[in-house]
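Below: the structure, in structure tokens.
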Amino acid sequence: WAGLKAPWPFTRYGMTAPYPLMTCGIALLIYLAFYWCCDQRPWRLPLAGPMGANPLLMYAIMGVFIGTSKVLIHLYGEPGFYIAFASYLFICLFCYGTARYLYDRNISIRIA
């Protein structure tokens with residue numbers, strides 16, 4: 001980071017203007033890509049519809065898995081690569097399966 005870190009300090013207590021400007025620019029470019037693909041063209045992302053229909057439920061399910069994994073890591077230590085990767089795939093498939101099940105039955109959980 002020689003030559004870059006001193007003029008661009010970034011900590012959890014504060015930061016200079018270049019960091020938020022850069023991240024906003026990157027977010028805008030990603031948003032424009034999605035806007036162009038999904039609104040200007042009739043393309044749809046197959047995962048986005050079911051996962052976006054009940055986002056709070058998906059966050060809650062992932063929170064339960066993350067809390068459980070923190071307890072298991074505390075008890076048994078860090079898992080190896082294959083166990084961690086298999087756990088990641090299981091969590092993703094479980095969340096997508098739940099989201100797809102609710103999406104196919106047109107169930108949407110909302111906070112009024």
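Before moving on, here are some points about what is shown:
- Phi-derived couplings, Karplus 6.51 cos²θ - 1.76 cosθ + 1.60 at θ = phi - 60°, listed residue by residue for the range 94-101: 5, 5, 5, x, 5, 5, 5, 4 Hz, with x used for Gly and Pro.
- Unit charges at the beta carbon, dipole of the chain: most positive-side option, Gly97, Val64, Ile26: Ile26
- J(HN,Hα) series, the range 73-85, from Karplus relation 6.51 cos²θ - 1.76 cosθ + 1.60, nearest Hz, glycine and proline x: 5, 5, 7, 10, x, 5, x, x, 4, 5, 5, 5, 5
- Measuring nothing but protein heavy atoms, the accessible surface of the chain at 1.4 Å probe radius is 72 percent carbon and sulfur.
- Dimensions of the range 20-112 along the principal axes, based on C-alpha atoms and rounded to the nearest Å, stand at 50, 40, 29, largest first.
- Percentage relative contact order, the chain, counting C-alpha pairs under 8 Å, at least six apart: 28 percent
- Of Tyr31, Tyr88, Tyr19, the one that fluctuates the most in a GNM where the chain has Cα springs shorter than 10 Å: Tyr19
- Projected label points at Ile109 and Ala27, each 7 Å from Cα along the beta carbon direction, are separated by 2.6 nanometres.
The values are calculated or read from the model by the stated rules, or taken from the named source; none is laboratory data. Computed from a predicted structure; not experimentally measured. In this analysis, Cβ positions are derived from the backbone assuming ideal geometry, glycine residues included, and neighbour counts consider all displayed protein chains. These area figures cover heavy atoms from the full protein model, side chains too; ligands, DNA and RNA do not enter into them. Shrake-Rupley method; radii C 1.70, N 1.55, O 1.52, S 1.80 Å.
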